[in-house]
Amino acid sequence: MNSENPQQVNQVVLAKPRSVVFANSKGGVGKSTLALMASLGIATQHPNSRVELIDLDVQKTSSESLRRFENSRFSVLENEDFFLNSGSPNNGNLINHMGSDFPYSTTQKYIVFDCPAGNEPSRSTFLMHCDVIFVPTSVGDADVFATLKYLEELRQLFGRQKKNLDGPPPPIVLLPNMVDSRDEFNELRNHFTNHAVYFGKPLYYAPVFRRAFRSDENDTSVATLLRQAKPYIAWLTKIIRRADELPQTPKKLFQL
Ligand SMILES: Nc1ncnc2c1ncn2[C@@H]1O[C@H](COP(=O)(O)OP(=O)(O)O)[C@@H](O)[C@H]1O
Ligand SMILES: [Mg+2]
């Protein structure tokens, strides 16, 4: 094998999976919905990809509903090894899994984690090894307060884990969800102005999202969702595919 061959070099680079996580300690903010949109979005729009959805929620909303879409490029992984007996994530096994892929694979592998409500960053050091941490939030006070607390807990985790990382910590992208109006979006953003994180595009409230996990005939609901949310999904998947091009950790809130 000639290691100077540019194609070979390219293939070796492609073999590292890209891992993203949807996490927040708060339930009902859209973690599973967004993980579904991201994973099906990449798998359907990018033929040169393989997507693995890892559901870390014991309720298994994502994995049970999405299993029906499994094919050669999209898989739902359920593995007891990813959990400790306590139900917390098994960080060692997760980190090992994130680092491995077939050598010389020509397709880029993406790992999408759907985290449960109640996720505690202090018990989830695998978060530090992801390429992007997406934190969906909604506009209600309880959601905003929980999200602010979650950001603080992530900051503490980053501080503690710094010495265990070679490079910078993963970027954090807040995803404002279930937004009603532009005014509401601006109001939501104002809550986070003092935080050095990225702020995503708004995902507006729409009834179609309520039916995301339903397996109706011909999967009409999921197809409608993927169609209606196409521009948003294109934006989200672009962030995932080009995570390494995000500007360095922002000094203050940075609107994407
Ligand atoms: N943009 C949206 N518009 C309307 N409903 C939404 C939207 N995003 C999520 N939902 C709904 O809100 C509920 C909670 O979403 P889910 O993804 O299960 O949250 P989590 O995983 O954070 O607990 C679900 O019923 C889902 O269908
Ligand atoms: Mg969920």
Of all residues in the range 99-122, how many are closer than 20 Å to Ala35 by Cβ and loosely packed, with under 15 Cβ neighbours inside 10 Å? 2
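Which of the residues spanning the range 19-28 are touching a Phe, Trp or Tyr at 6+ places or on another chain (Cβ under 6 Å) and either free of Cβ contacts under 8 Å to residues at least 12 places away in the same chain or in a strand (DSSP E or B) (or both)?
Correct list: Val21, Phe22.
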Would it be correct to say that Gly118 is more than 28 Å from Gly200 (Cβ to Cβ) and either part of a helix (DSSP H, G or I) or not aromatic (Phe, Trp, Tyr) (or both)? no
Restricting attention to the range 183-194, does a residue exist that is of a type outside the set (A, V, I, L, M) and within 16 Å of ligand 1 (Cβ to nearest atom)? yes
Of all residues in the range 165-214, count the ones that are surrounded by 13 or more Cβ atoms within 10 Å (Cβ to Cβ) and either assigned to a helix (DSSP H, G or I) or modelled with pLDDT of 90 or more (or both). 32
Across the range 78-98, which residue is surrounded by the most Cβ atoms within 10 Å (Cβ to Cβ) among those that are within 16 Å of ligand 2 (Cβ to nearest atom) and at pLDDT below 90? Glu78
Residue ID - surrounded by the fewest Cβ atoms within 10 Å (Cβ to Cβ), chosen from residues in the range 39-70 that are part of a loop (DSSP other than H, G, I, E, B) and within 12 Å of ligand 1 (Cβ to nearest atom): Gln59
Look at Leu236 and say whether it is out of contact with any Ser or Thr (no Cβ under 8 Å at 6 or more places or on another chain), open to solvent by less than 50 Å² (accessible area, probe 1.4 Å) and under 24 Å from Ser32 (Cα atoms). yes
List every residue pair whose Cβ atoms lie under 7 Å apart, where the two residues are 6 or more positions apart in sequence or sit on different chains, the first residue falls within the range 29-57 and is in contact (Cβ under 8 Å) with a residue 24 or more places away in the chain and on the phi > 0 side of the Ramachandran plot, and the second residue, located anywhere, is hydrophobic (A, V, I, L, M, F, W, C) and buried (at least 21 other Cβ atoms within 10 Å of the Cβ). Gly30/Met178
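The values are calculated or read from the model by the stated rules, or taken from the named source; none is laboratory data. Here the structure is a predicted model, which means the values were calculated and not measured. Neighbour counts are summed over all protein chains in view; Cβ atoms, including those assigned to glycine, are modelled from backbone coordinates with ideal geometry. Just so you know, the surface numbers come from the protein's heavy atoms only, side chains and all, with ligands and any DNA or RNA stripped out. Shrake-Rupley method; radii C 1.70, N 1.55, O 1.52, S 1.80 Å.
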